[in-house]
Amino acid sequence: MTPRRRIIVIGGSAAGPKAAAKARRIDNNAQVVILQKDPDLSMASCGYPYYVGGYFDDRNMLLSTTTGVTRNPLFYLNAKDIEAKVNTEVTSIDPKKHSVSYKNIATGETGSLVYDKLVIATGSVPSMPPVPGTDLQGITTLQSMKDADFLRKVRDEGKIKKAVVIGGGLIGICSPFWTGSWQNLWKTMSAARARTSSPRTASQPF
Ligand SMILES: Cc1cc2nc3c(=O)[nH]c(=O)nc-3n(C[C@H](O)[C@H](O)[C@H](O)COP(=O)(O)OP(=O)(O)OC[C@H]3O[C@@H](n4cnc5c(N)ncnc54)[C@H](O)[C@@H]3O)c2cc1C
């Protein structure tokens with residue numbers, strides 16, 4: 001019997017699971033493993049502003065297939081024969097030994113795995129402006145499910161009086177949804193909108 005080659009994918013948001021699923025399709029015999037730092041898998045980041053803004057309440061919708069099945073490790077195992085380890089941060093890669101070391105953030109357990117092929121799909125990090133105060137309470141980016149959970153909690157507490165959005169790109173433009181009351185932010189956002197190239201966002205409110 002042909003030995004199973006092991007394909008490891010680091011990162012389990014958008015690109016990682018896609019790469020893992022493609023690997024499974026092209027090599028039915030391979031052992032495919034996703035190592036994902038976050039507790040969630042395959043998050044629909046595009047929906048964060050709408051979840052935060054209260055356009056829907058079920059957090060699980062950000063993590064589900066169109067038929068409502070949660071894309072968790074059990075789903076990946078049963079539907080795609082892919083082993084997904086969540087809360088698992090890759091701490092080092094040794095290309096000579098073809099091995100990765102990881103740490104389970106929840107339990108502290110460490111381990112290593114050898115690979116035949118390695119895919120790195122660890123995404124990007126938002127850039128914080130180099131100004132003092134960005135570490136203060138109530139200041140956040142909107143990049144991860146953790147950020148979305150934080151902002152949704154803040155919104156549900158109903159104590160927000162003013163919100164300032166720094167950045168007039170796609171995510172900044174979506175940000176009026178964060179509070180669920182974009183009208184309050186319309187003036188603040190206008191300047192940013194005027195500089196965008198999208199005809200929809202540059203003309204009228206949603
Ligand atoms: C609010 C918001 C709205 C968006 N809206 C749209 C949209 O409308 N249309 C659109 O096309 N795109 C949109 N995007 C962009 C889209 O979500 C990203 O392009 C996409 O998520 C990138 O996927 P990725 O897998 O490359 O990286 P990421 O989504 O950043 O995922 C990388 C993953 O790798 C994990 N990771 C990092 N380091 C390690 C490590 N050492 N070990 C293990 N795991 C690790 C991280 O925890 C993370 O889960 C939006 C993004 C945001 C944040």
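Scan the range 124-142 and report the pairs whose first residue is in a loop (DSSP other than H, G, I, E, B) and whose second residue is among the acidic types (Asp, Glu), with Cβ atoms within less than 6 Å and a gap of 6+ or a chain change.
Going by the 6 Å Cβ cut-off, the qualifying pairs are THR140/ASP147; THR141/ASP147.
Considering the range 106-142 alone, what residues qualify as being under 22 Å from GLN36 (Cα atoms) and hydrophobic (A, V, I, L, M, F, W, C)?
ALA106, LEU113, VAL114, LEU118, VAL119, ILE120, ALA121, VAL125, LEU142
May I ask you to list the residues in the range 107-130 that are within 18 Å of the chain's Cα centre (by Cα) and away from the ligand (no atom under 12 Å from the Cβ)?
Within the range 107-130, SER127, MET128 qualify.
State yes or no: is THR65 among the β-branched types (Val, Ile, Thr), away from the ligand (no atom under 11 Å from the Cβ), under 30 Å from GLU157 (Cα atoms) and surrounded by 14 or more Cβ atoms within 10 Å (Cβ to Cβ)?
no
What residue, among those in the range 68-90 that are of a type in the set (A, V, I, L, M) and within 16 Å of the ligand (Cβ to nearest atom), is nearest to ARG4 (Cα to Cα)?
So, considering only residues that are of a type in the set (A, V, I, L, M) and within 16 Å of the ligand (Cβ to nearest atom), the one nearest to ARG4 (Cα to Cα) is ILE82.
Hey, could you check the range 32-60 for residues that are among the charged types (D, E, K, R) and in contact (Cβ under 8 Å) with a residue 24 or more places away in the chain and say which is farthest from the ligand (Cβ to nearest atom)?
So the residue we want is ARG59.
Of all the strands (runs of 3 or more DSSP E) wholly in the range 1-96, which have at least 3 residues that are under 13 Å from the mean Cα position of the chain (by Cα) and modelled with pLDDT of 95 or more?
So the answer is none; nothing clears 3.
The values are calculated or read from the model by the stated rules, or taken from the named source; none is laboratory data. Computed from a prediction, not measured in an experiment: that's the story for all the values here. Cβ: placed from backbone, ideal geometry, glycine included. Neighbour counts: every protein chain shown.
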